[in-house]
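Notes follow the structure.
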């Protein structure tokens with residue numbers, strides 16, 4: 001398994017845990033995510049290109 005495959009697997013695992021938490025709590029995925037965010041849980045960034053603020 002290469003590095004990119006490993007990263008994709010980690011992301012899939014994280015999503016599976018969130019979905020599992022939502023299902024066990026009887027809440028929607030969005031509600032579970034919001035509760036985790038309000039509780040101060042940290043999340044990985046979505047990745048991709050970061051936009052820089054415009055230069056003056």
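Is it the case that residue 40 is modelled with pLDDT under 80, exposed (fewer than 10 other Cβ atoms within 10 Å of the Cβ) and part of a loop (DSSP other than H, G, I, E, B)?
When the stated conditions are applied, residue 40 does not pass them.
Which residue pairs have Cβ atoms under 7 Å apart, sit 6 or more places apart or on different chains, and have a first residue in segment 31-42 that is on the phi > 0 side of the Ramachandran plot and a second that is loosely packed, with under 11 Cβ neighbours inside 10 Å?
Filtered contacts from segment 31-42: no entries.
The values are calculated or read from the model by the stated rules, or taken from the named source; none is laboratory data. Note that the structure is a prediction, hence the values are computed from the model and not measured. Note that we place each Cβ from the backbone using ideal geometry, even for glycine, and neighbour counts take in every protein chain shown.
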